[in-house]
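Here the structure comes first, spelled out in structure tokens, and everything after it is commentary.
The values are calculated or read from the model by the stated rules, or taken from the named source; none is laboratory data. What you see is a predicted model; the values in this text were computed from it and never measured. Don't worry about glycine lacking a Cβ; one is built from the backbone with ideal geometry, like all the others, and counts go over all protein chains shown. Side chains included, ligands, DNA and RNA excluded: accessible areas come from the protein's heavy atoms. Shrake-Rupley method; radii C 1.70, N 1.55, O 1.52, S 1.80 Å.
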Amino acid sequence: MSIVEHVDLSAHPGRVFVVGDLHGMVHALERLLDSAGFDPQQDLVWSLGDLIDRGPFSSQCLDLLQQPWFRAIRGNHEQLMLDAIVDDETWLQWIVNGGDWALDYPWNDPAVRGRVEALPWAADLVTGVGRIGLIHADVDRMSDWPQLLEALEQGRGVVRQTALWSRGSANQAWRGLPGRQIAGVELVLVGHTIMDHAFQWGNMWFLDSGAVISDDPSAALSMLEIHPAVKLWSVPTTQDPAAAYWWSQQLDRLAAVMARRCA
């Protein structure tokens, strides 16, 4: 497993996109790619993590990892899934935070686990618009981009915790504070914290626009094109019928999971 994925895309002949948290909304991704004129023969998509949980098609989102045009970094929900394999308390935390979809899915199968374990903690991409950093949640306040990558490689726990779980920068952006400028990189793209729309703050882009929260009037799946130029793409997911039905059945799924666990 590579802790950080380094890829030079500066001469890539197709386009490159980065999509926010999918959370099982693979059908919304299909609509979004169609709207952008995505070509799977030459274009690429990176996910900012949280492929799974809360939405209706988590297993299909994991299946994307086997597509040659799709790549992803690790999100906190993928980490919860991995930790749940060896820790009962984390298993319960995962289940109540959307992991109930895995009741009839071989989530701890070695092949499935291997694909998730292989997800890097960050991606460092060289594109036609410069160096682009991908991290699920946030960049440690004391680090520039190269320092962050070094700390991740060294396994520093606080930095990895920030990378997967922090909402510090997002909270500052939400309060309207001046934008953060992370040195050593052109742009840093993050997900994790739901915003009412995707936007740039300093040289950070927030791309989790709450695709899975279908009862929110601003719900959307957002994606930033980062090569050969920068362009934002988005499709609304408000009142998405598949997501709405999935949410309506959540208590029944949780009851079934707990009954099976206690049997």
Check: Identify, please: which residue in segment 145-168 is among the small types (G, A, S) and either modelled with pLDDT under 95 or in a helix (DSSP H, G or I) (or both) and is, among those, surrounded by the most Cβ atoms within 10 Å (Cβ to Cβ)?
Finding: A163
Check: H6 passes all but one of (1) open to solvent by 10 Å² or more (accessible area, probe 1.4 Å); (2) out of contact with any strand residue (DSSP E or B) (no Cβ under 6 Å at 6 or more places or on another chain); (3) not aromatic (F, W, Y); which number fails?
Finding: (2)
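Here is a check on your reading of the model: is L33 modelled with pLDDT under 95 and over 27 Å from T162 (Cβ atoms)? Reasoning before the result, please.
Numbers: modelled with pLDDT under 95: no; over 27 Å from T162 (Cβ atoms): yes.
Judged against the criteria, L33 is not a match.
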Note to self: Take the residues in segment 26-66 that are open to solvent by 30 Å² or more (accessible area, probe 1.4 Å) and charged (D, E, K, R); name whichever of them is nearest to L103 (Cα to Cα).
What the structure shows: R54
Check: L134: modelled with pLDDT of 95 or more, under 19 Å from the mean Cα position of the chain (by Cα), over 30 Å from L254 (Cβ atoms) and assigned to a helix (DSSP H, G or I), yes or no?
Finding: no
Note to self: I'm checking my understanding of the structure. Among residues of segment 119-144 that are open to solvent by 50 Å² or more (accessible area, probe 1.4 Å) and aliphatic (A, V, I, L, M), which one is nearest to S47 (Cα to Cα)?
What the structure shows: V126
Check: Does segment 226-251 hold any residues that are out of contact with any Ser or Thr (no Cβ under 8 Å at 6 or more places or on another chain) and modelled with pLDDT under 95, and which are they?
Finding: Y245, W246, S248, Q249, Q250, L251
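With A151, A118, A111, A170 as the choices, which residue is in contact with a helix residue (DSSP H, G or I) (Cβ under 6 Å, 6 or more places away or on another chain), among the aliphatic types (A, V, I, L, M) and over 18 Å from I226 (Cβ atoms)? Before you say what the answer is, go through the steps one by one.
Values: A118 fails: in contact with a helix residue (DSSP H, G or I) (Cβ under 6 Å, 6 or more places away or on another chain); A111 fails: in contact with a helix residue (DSSP H, G or I) (Cβ under 6 Å, 6 or more places away or on another chain); A170 fails: in contact with a helix residue (DSSP H, G or I) (Cβ under 6 Å, 6 or more places away or on another chain).
Of A151, A118, A111, A170, the one residue that is in contact with a helix residue (DSSP H, G or I) (Cβ under 6 Å, 6 or more places away or on another chain), among the aliphatic types (A, V, I, L, M) and over 18 Å from I226 (Cβ atoms) is A151.
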